[in-house]
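What follows is one structure encoded as structure tokens, with my remarks underneath.
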Amino acid sequence: MRGWQLALLTLLLGLLATVSTAAVPSLSERQEKAGGAQPASWVSENYAKREYRVPMRDGVRLFTAVYIPKDASPANTYPILFNRTPYGVSPYGESDYPGLLGPSELFTRSKYIFVYQDVRGRFMSEGEFVNMRPYIPGKSGPSSIDESSDAYDTIDWLLKNVSFHNGKVGMWGISYPGFYVSEGMIDAHPALRAVSPQGPIGDWFLGDDFHHNGALYLAHMFAFMYSFGQPRAELTTKWPAPLNLGTSDGYEFFQKLEPLSLIDEKYYRHVIAWWEQMAAHPNYDSFWKMRSVPQFLRDIKPAALVVGGWFDAEDLWGSLHSYDSANRQSPGGNVRLVMGPWCHGCWARSDGDQLGDILFGAKTSVFYRERIEFPFFEHYLKGKDDTHLPEAYVFETGSNQWHMYDAWPPPNVEKVSLYLGQNGALAFAPPKHATTAYDEYVSDPAKPVPFSTAIAFGMTREYMTGDQRLLGRRTDVLTYQTEPLDHDITFAGPVRPSLSVSTSGTDSDWIVKLIDVYPDDYPEPARKTSGAPMAGYQQLVRGEDMRGRFRESYEHPEAFTPDAVTRVEYVMPDINHTFLRGHRIMVQIQSTWFPLVDLNPQKFVPDIYKATAADFQRAAERVYHSPENSSRIDLWMLKR
């Protein structure tokens, strides 16, 4: 990731966490924050910068910055490494240079022809910006455009108009730029030889960024969309001014923004088109389906390295499903997966040795950049030695080890089930008898369960490994746990809750959390970010919400019958985690997770975006664990 991109991503993440009114940092400050960046003078001494307006097939021109090594010549050619982004390609101006080019310093030093492009309708590019512009199969005529065609047209222009390239092109990008890589490898230009979609957006309704299983991820959506979604009146090099909310307490702030209609009334004021589009499509209709990228990842010709983080709070779904779909739908293709213990984009901008209080025993991001990412592009674009990367290079959390697999999930797994029992028991055997058939709690939208004990405005990246002890002590959170394990157990693959539940209302969310409980004598590490003791720490391994109305169909929501036992099943994103000997496995169940997830009124309404304050009600929620109505979590245990 380039220095200015790292800085902008840092700025965006800071905006999400604090919605600060601080000024945009200077170029030198952005370079310092990027980590590993060279002085801009080094880049300017070794690269020549040119700026172009590249014409697309429909006549729209896209602003494109090109950095060519000064030692390039007919006898010394370089491949093109291409990044398309909606976040701006600053610094603008042919005399201004960043401190870093490419995904890491390794690329800057090795030298490529680096190309950065403002996508259609953003910053200095012409045309209309469309969020996750749908791919058009079977395009015909110059007016039939999408992100795949824009990538193709740009590559074709570069090959004809930029000197001293070797005829090979690569693409990479993180998050939204990762989406543009995914689109670029569909109907790819023949010169596109290697691609790496990293934390790519895959589906904004089923699992990435703004929705998970149809539930709105409120805290993340709100600040991001205010900054990113404002209309552009003219070509510009500047971001809109950030929103000053006067508080860092997101829990309190968002409580005052329920129902959701208040967001537009108080803040968006009908200028954020994407918010209005989301609100107009509360169910999984064609608007969302045609934006779901994995279905189109067929017959992928370039070598592909899909990268994701186990603790990516934004686009974990996109990484896993992009790999799975591209791999399944590309017979004879070359699609690989890398999953590390990372937050969103942390493989590019950190050492990767720690997230919150959780240590990973090594600089996993440095290992990835040096041993996986850089050799991948060097081989396919420069013809360097093949490193024979496995199909899946996966970090196993808990045991803190890298593993290489021929497939993901690995074939040597066995399906097992953890059954909820009475008195908070969790066991690998189904219940044989029960003196109580269920556990019950009252879910109150006026006092929702917080997603974190930290005071923060937005979606903190550390919440995905956060300590659940204080949250599990609430009366509206059910807790089940095993006895201390007498041997290590490793799970590799998806997590599938299958719950027997009932609600006194007519709608409800069901949030399941899989937790690693550390022993009470666990030693304190040397490095910590909080004051919480690690002895007895309850580390979130995976947590996911299921909006109950979508339990049977995302297209056609369905009310609950009050107090009727109902089966709720869904799939949570994969894990690769070892619960060590002496640890316990814990499951928590709740119905609110605020303000990470917006509030379910708990009364079925046709459209939660249009719910009124009067629609929100308390509900008695029951989770059953009798032999007749059992509840379980299905997992895939690795056999070694």
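A few points about this structure:
- Ranked by how many other beta carbons lie within 10 Å on average, peptides 170-178, 583-591 from highest: 170-178, 583-591
- If you take all other residues with their beta carbon under 10 Å from the beta carbon of ASN283, and give Lys and Arg +1 and Asp and Glu -1, the sum is -2.
- Of LYS168/LYS384; LYS256/LYS513; LYS289/LYS603; LYS70/LYS111; LYS447/LYS610; LYS256/LYS610, those spanning more than 19 Å from alpha-carbon to alpha-carbon: LYS256/LYS513; LYS289/LYS603; LYS447/LYS610
- Summing charges over all other residues whose Cβ lies under 13 Å from the Cβ of ALA620, with Lys and Arg as +1 and Asp and Glu as -1, gives -4.
- Ranked from largest, the principal axis spans of the Cα set of region 413-638 equal 50, 44, 32 Å.
- Projecting the Cα atoms of PRO430, GLY59, ILE263 onto the dipole axis of the chain, where Lys and Arg carry +1 and Asp and Glu carry -1 at the beta carbon, places GLY59 farthest toward the positive end.
- Note, ³J(HN,Hα) from phi for region 568-573, Karplus 6.51, -1.76, 1.60, rounded to Hz, x at Gly and Pro: 10, 10, 7, 10, 8, x
- Charge dipole (Cα centre; +1 on Lys/Arg Cβ, -1 on Asp/Glu Cβ; no other charges) of the chain amounts to roughly 1120 debye.
- Each Lys and Arg contributes +1 and each Asp and Glu -1, all at the Cβ; summed about the Cα centre of region 83-142, the dipole is approximately 300 debye.
- Region 41-84: relative contact order as a whole-number percent, Cα under 8 Å and 6+ apart: 33
- Intensity falloff of region 240-289 expressed as log10 I(q)/I(0), Debye formula with alpha-carbon point scatterers, at q = 0.16, 0.21, 0.32 Å⁻¹: -0.60, -0.89, -1.20
- Sorting GLU147, GLU51 from the fewest to the most surrounding beta carbons within 10 angstrom yields GLU51, GLU147.
- A cut-off of 5 Å between modelled amide H atoms, ignoring neighbours fewer than 5 places along the same chain, links SER196 with MET171, TRP172, GLY173, LEU305.
- When region 413-638 is described by a simple charge dipole with +1 on each Lys and Arg Cβ and -1 on each Asp and Glu Cβ, the residue from MET572, THR506, PRO601 located farthest towards its positive end is PRO601.
- Measuring nothing but how far apart in sequence close Cα pairs (under 8 Å, 6+ apart) lie, relative to its length, the chain scores a relative contact order of 14 percent.
- Counted residue by residue at 0.36 nm each, then reduced by the alpha carbon distance between them, the extension gain from LYS528 to SER163 reaches 126.3 nm.
- One decimal place: the segment GLU440-SER553 gains 38.1 nm when fully extended, by the rule 0.36 nm per residue minus the C-alpha distance.
- In this simple spin-label model, placing a label point 7 Å from the Cα along the Cα-to-Cβ direction at both GLU628 and GLN255 gives a separation of 4.0 nm.
- Among VAL541, VAL565, VAL89, the order by Cβ neighbours within 10 angstrom, fewest to most, reads VAL565, VAL541, VAL89.
- The relative contact order of region 413-638 comes to 39 percent, based on Cα pairs under 8 Å that sit 6 or more residues apart.
- Estimated Rh, region 379-474: Kirkwood, alpha-carbon pairs, angstrom: 19.1
- Charge-dipole axis of the chain as Lys and Arg at +1 and Asp and Glu at -1 on Cβ define it, positive-most pick from PRO450, ALA559, VAL169: VAL169
- As a ratio to 2.2 N^0.38 Å, the alpha-carbon radius of gyration for the chain is 0.96.
- Note on THR77/ARG232: beta-carbon distance plugged into 1/(1 + (r/R0)^6) with R0 of 30 Å gives a FRET efficiency of 0.20.
- Stretched out straight at 0.36 nm per residue, the stretch from ARG618 to GLU126 would grow longer than its current Cα-Cα span by 172.1 nm.
Bear in mind these aren't lab numbers, they're just calculated from the coordinates by the rules spelled out. Because the structure is predicted, anything quoted here is derived from the model rather than measured. Neighbour counts are summed over all protein chains in view; Cβ atoms, including those assigned to glycine, are modelled from backbone coordinates with ideal geometry.
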